[in-house]
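Q: Encoded as structure tokens, here's the structure I'll be asking about.
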Amino acid sequence: MIVDSVKKGLLSGLNTTWSLGKVIFPVTLIVTVLQYTPVLPFIINLIAPLMNLIGLPGDAAIPLVLGNFLNLYAAIAGILTLDLTVKEVFIIAMMLSFSHNLLIESGVAMKTGVKLWVILTVRIGLALLSAVVINLVWQGGSEMAQGTAIGEAAEINGTGAILLHGVIQALSGIGQLAVIVIPLMVAVQIMKDLKWLEAFSKALAPFMKVLGMKPNASMPFVTGLTLGLAYGAGVMISAAKEDNVSKKDMTIAFIFLVACHAVVEDTLIFIPLGIPVLPLLLIRLLTAIVLTMVVAYIWNRTDRVQRKEAVYEQ
């Protein structure tokens, strides 16, 4: 059984690498080439004052835009083309951990009955707040991040050399992606086949109560926590319907998940860039727990007050 799981996981990992590589390669190539034209410098200078407010250079807008409208892999493709310090990459990683792939993942939220404005407010708000806090609190991280382009733009001349540089950067990005994604897909497949996700879901039922949700919300919760909102969308939507999860519990679950989902993948993919990933994970997890408990407490308290008022009026 394990052998079959590994085979299916390897195939899934290769397919995922191929699919995402088709995004990373052109994005990396285009962004790299644009660095040697007046287009990118113009955009960077235009938005630099805004980016400086959150401790980032103007060109950091590139991975932020790519990550929010595409995915984290496209954002990493953008990061690979830039000269960024560890602190700057950590800020970008933190922001994108809260706010990425907005189009697809917001669509998933809407299909499960969660209001769009709730998801966007939480995700974008947490991204901006985390960037401001990290910029003010963390005084280290001034060394250059791994894998980023360190001052190569001024040394490369000629169209052919620029294109070659872009191709090398793109292939390097895909290679780093494969190193993370393929083993990850194998692990996920084994977890599925061994029914570990299902067992994990049952074990989390008491924790769901602490977060203010009913136990029947555990399956979509676990799916989003491990596979992510996009990859686990089908399972989450199906589980929400089959287990009759209330709109209230799905909303609370999604508030947790938009702050902390796909915890393994979304954390590991930043390792090649040389940033501290454990703080990245802990900040996401603690933020999600505190935010969810506060929202659930306020929501449940409001419901109790409304029920008392209704009884009093009768």
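Q: For T85, list long-range residues whose amide hydrogen, built 1.01 Å from N in the peptide plane, is under 5 Å from its own amide hydrogen.
A: Long-range HN contacts for T85: A145.
Q: Okay, next question. Using a Gaussian network for the chain with springs between C-alpha atoms less than 10 Å apart, which of these wobbles most: F200, F90, F254?
A: Of F200, F90, F254, the most mobile in the Gaussian network model is F200.
Q: Students often get this wrong, so try it: which of (1) 61, 39, 36; (2) 80, 52, 32; (3) 77, 40, 33 is Cα extents along the principal axes in Å as calculated from the structure shown?
A: Matching entry in (1) 61, 39, 36; (2) 80, 52, 32; (3) 77, 40, 33: (2).
Q: If you build the convex hull over the alpha carbons only and average its shadow over all orientations, what do you get for the stretch 56-104? Give it in nm² to one decimal. Could you put the intermediate results ahead of the total?
A: Values: hull surface 11.4 nm².
For the Cα atoms of the stretch 56-104, the hull's average projected area reads 2.8 nm².
Q: Now a separate question. Which of these, N157, N15, N216, has the largest mean-square fluctuation under a Gaussian network model of the chain (Cα springs below 10 Å)?
A: Per the Cα network of the chain with a 10 Å cutoff, N157 tops the list.
Q: Could you give the accessible area per residue of the chain, probe 1.4 Å, as a whole number in Å²?
A: For the chain, the solvent-accessible area averages 49 Å² per residue.
Q: While we're here: Go through K87, K7 and list them by solvent-accessible area, largest first, probe radius 1.4 Å. Can you show the working numbers first?
A: On the way: K87 35, K7 130 Å².
I get K7, K87, largest accessible area first.
Q: Which percent of the accessible heavy-atom area of the stretch 1-132 goes to carbon and sulfur, probe 1.4 angstrom?
A: Ligands and nucleic acids excluded, carbon and sulfur give 78 percent.
Q: Quick check: with the 1.4 Å probe, what order do Y73, Y297, Y312, Y36 take by accessible area, largest first? Display every interim value, and only then the final one.
A: Details: Y73 15, Y297 130, Y312 200, Y36 55 Å².
Most to least solvent-accessible, the answer reads Y312, Y297, Y36, Y73.
Q: Show which lysines lie in cross-link reach of K22 when reach means a straight Cα distance below 23 angstrom and same-chain residues fewer than eight apart are skipped.
A: Partners found: K7, K8.
Q: Below 14 angstrom from the Cβ of L273, what's the summed charge of the other residues (Lys, Arg +1; Asp, Glu -1)?
A: Details: positive: K87; negative: D83, E88, E143, D266.
Computed value for this residue: -3.
Q: Output ³J(HN,Hα) for the stretch 173-188: one whole-Hz value per residue in order, computed from phi by the Karplus curve 6.51 cos²θ - 1.76 cosθ + 1.60 with θ = phi - 60°, and x for Gly and Pro.
A: Whole-Hz 3J(HN,Hα) from phi for the stretch 173-188: x, 5, x, 5, 4, 4, 4, 8, 5, 4, x, 5, 5, 5, 4, 5.
Q: Under the Karplus relation 6.51 cos²θ - 1.76 cosθ + 1.60, θ = phi - 60°, what is the ordered set of whole-Hz ³J(HN,Hα) values for the stretch 158-171, x standing for Gly and Pro?
A: Couplings: x, 4, x, 5, 5, 5, 4, 4, x, 5, 4, 4, 5, 5 Hz.
Q: Okay, moving on. Please work out the FRET efficiency for the pair L120 and V39, using the Cβ-Cβ distance as r and a Förster radius of 51 Å; give the result to the nearest 0.05.
A: 0.95
Q: Sticking with this one: With 21 Å as the limit, write out which pairs from K115/K248; K195/K248; K115/K192 have Cα-Cα distances beyond it, or answer none.
A: Those over the limit are K195/K248; K115/K192.
Q: Would you mind telling me which residue in M219, M185, M51 has the biggest mean-square fluctuation in a Gaussian network model of the chain, where springs connect alpha carbons within a distance under 10 angstrom?
A: M51
Q: Using a 1.4 angstrom probe and counting only protein chains, how large is the accessible area of E143 in Å², to 10?
A: 100
Q: A further question on this structure: I'd like the Karplus ³J(HN,Hα) series for the stretch 268-274: coefficients 6.51, -1.76, 1.60, θ = phi - 60°, whole numbers in Hz, and an x wherever there's a Gly or Pro.
A: Using θ = phi - 60°, the values come out as 5, 5, 8, 4, x, 8, x Hz.
The values are calculated or read from the model by the stated rules, or taken from the named source; none is laboratory data. It should be emphasised that the depicted structure is a prediction, and the values quoted were computed from it without experimental measurement. FYI the Cβ positions are ideal-geometry reconstructions off the backbone, even for glycines, and counts take in every protein chain you see. Side chains are part of the model used for accessible areas, which takes the heavy atoms of the whole protein and leaves out ligands, DNA and RNA. Shrake-Rupley method; radii C 1.70, N 1.55, O 1.52, S 1.80 Å.
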